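See below for the structure under consideration.
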Amino acid sequence: MKGIRILFRSISDSLTNIGRNLSLSIASISCISITLILVAVSIILSQNVNNFTTSIEKDVTIVAFVNRDATSEEVDVVGNLIKNLDNVESVKFQSKNEIKKQMQSESEVFDSIMDDYTNETNPLQDTYLVKVKDINSIGETAKEIKTFDKISIVKYGEGMVEELVKIFDIVKKVTYIVVIALVVVTAFLISNTIKITITNRKREIEIMRLVGASNSYIKLPFFFEGLWLGFIGSIIPIFACCYGYLYLYNRLGGQLFTAIIKLVKPDALVFNLIVSVLLVGVLVGAFGSYRAVRRYLKI
C-alpha cells in the first residue's frame, strides 16, 4: 500500500511540477513536438520507401526470349534450367501466340496488323517471365539465363533497376540515421528540462532530505515529469502527421508522380505511426529524466 501511495503521489507531484514551471514545460513540449514531427515524417518516409522497394521487387521481371527455331522440347529444357537457378522465385511461359493476343487486346493498331499472323508467320518469340528472390542479384541471374542454349535476348530494365534500388537503399539508411539523431536530441531536451527543474527545486529537495524522505520519493516525480513531457509532446505530432498524411494520400490519389510508386495506405500506416511516435516520446522522456536524475540529483 505504501508503494502505491508513493507512486500516485509521485505522479501527482510530477503534474504539479509541470504546472509550476509552466513556461519552461511549454518550451520543452514545443521543442519535443517539433522534433517528434521530424521523427514522424522520417518514419512515414521510411515506410513508403520500404513499400516502393517491395513493389519494385514484385514488379521487376526478367524477360528471356527463346530462339524462333527452338523445338517444344528445347523450350521445355530451357524452362527447367531457369527454374533450377538459386535466385529464381517463379517462372511463367508465354507463347508467341499468347503475346500476339495480348498485344491485339491492348491496341486497335496491333489488332489490325497482327490479325493475319499465323503460327508460322508470327514474328514474335516465345518468352519466359522470371521473378527473382533477391533484386540486388538480378543482373547476375539475367547473365546466367543469357548463357543458356536457345535463349537469344534477356531484358529486365538493366541499369535503371539497379539505380532505383541503390537510391531507395540510400534513402532508407538516411531516414534511419535521421530518426536516431532526432531521438537523441529529444532525450537531450528532456534531460535539460529535468536538470533545470532540479536546480530550481534544490532547496525543497534539501528540506525533503532533512525530514527523512526516501530516495525513491524524491526521484520518482522527476522521472514521471519526463514521461509526461514526452507523452504530451507526442500528441501534436501524431495528429499533425496522421491528418497530414491522410490529406496528402487523398490529394495524390495514393501514388507519387506515377502509378508505379504507390503510397502506403493510411489505415496501415496510421496505427504504426501512432504507436511509434508515442513510444518514442514516452521512452525518450523516461530516458531523459532518468539521465538527468542520475547525473544531477546526487542522492
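The values are calculated or read from the model by the stated rules, or taken from the named source; none is laboratory data. This structure is a prediction, so every number in the text was calculated from the model and none was measured. We place every Cβ from the backbone using ideal geometry, glycine too, and count neighbours over all the protein chains shown. Heavy atoms of the whole protein, side chains included, go into the accessibility calculation; ligands, DNA and RNA do not. Shrake-Rupley method; radii C 1.70, N 1.55, O 1.52, S 1.80 Å.
Got a sec? Charge dipole of the chain, +1 on Cβ for Lys and Arg, -1 for Asp and Glu; which of ILE44, LEU81, LEU220 is way out at the positive end?
Going by the Cα projections, it comes out as LEU220.
Around ASN250, with a cut-off of 13 angstrom between Cβ atoms, what is the net charge of the other residues, counting Lys and Arg +1 and Asp and Glu -1?
Net local charge, ASN250 excluded: +1.
At a probe radius of 1.4 Å, what is the per-residue accessible area of VAL39, in Å² to the nearest 10?
The accessible area of VAL39 comes to roughly 0 Å².
Give me the aspartates and glutamates in straight-line cross-link reach of LYS155: C-alpha distance below 18 Å, same-chain residues under 8 apart excluded.
By straight Cα distance, LYS155 reaches GLU57, ASP59, GLU89, ASP126, ASP134, GLU140, GLU144, GLU163.
Which far-off residues, 5 or more places away or on another chain, put their amide H under 5 Å from the one on ILE151, with H placed in the peptide plane?
ASN67
The list (1) 14.4; (2) 22.7; (3) 16.8 gives values of mean projected area of the Cα convex hull in nm², and only one came from this structure; which label was calculated from it?
Comparing each candidate, only (2) matches the computed number.
Applying the Karplus parametrisation 6.51 cos²θ - 1.76 cosθ + 1.60 with θ = phi - 60° to the phi angles of the range 90-98, what ³J(HN,Hα) value in whole Hz is obtained for each residue in order, glycine and proline being reported as x?
8, 9, 10, 9, 10, 6, 5, 6, 5
Label ASP267 and ILE26 with points 7 Å out from Cα along Cα→Cβ: what is the distance between them in nm?
4.0
Taking the Cα of LEU283, stepping 7 Å toward and past its beta carbon, and measuring to each backbone N in the range 36-52: which are under 12 Å?
none
For helix 160-200, what angle does its Cα long axis make with the longest principal axis of the chain, in degrees from 0 to 90 and rounded to 10?
The angle comes out at about 0 degrees.
If we count every other residue with Cβ under 13 angstrom of LYS150's Cβ, Lys/Arg +1 and Asp/Glu -1, where does the sum land?
Cβ neighbours under 13 Å give a net charge of -4.
Helix 215-252 versus the longest principal axis of the chain: what angle, 0 to 90°, nearest 10, using Cα atoms?
30
To the nearest 10 Å², what's ILE207's accessible area with a 1.4 Å probe?
ILE207 exposes around 90 Å² with every protein chain in place.
Compute the angle between helix 22-59 and the longest alpha-carbon principal axis of the chain, please, reported from 0 to 90 degrees and rounded to the nearest 10.
That works out to roughly 20 degrees.
Please compare each pair in LYS131/LYS265; LYS83/LYS146; LYS58/LYS83; LYS58/LYS166; LYS133/LYS166 to a cut-off of 19 Å on the Cα-Cα distance and tell me which ones are over it.
Too far apart for the 19 Å limit: LYS131/LYS265.
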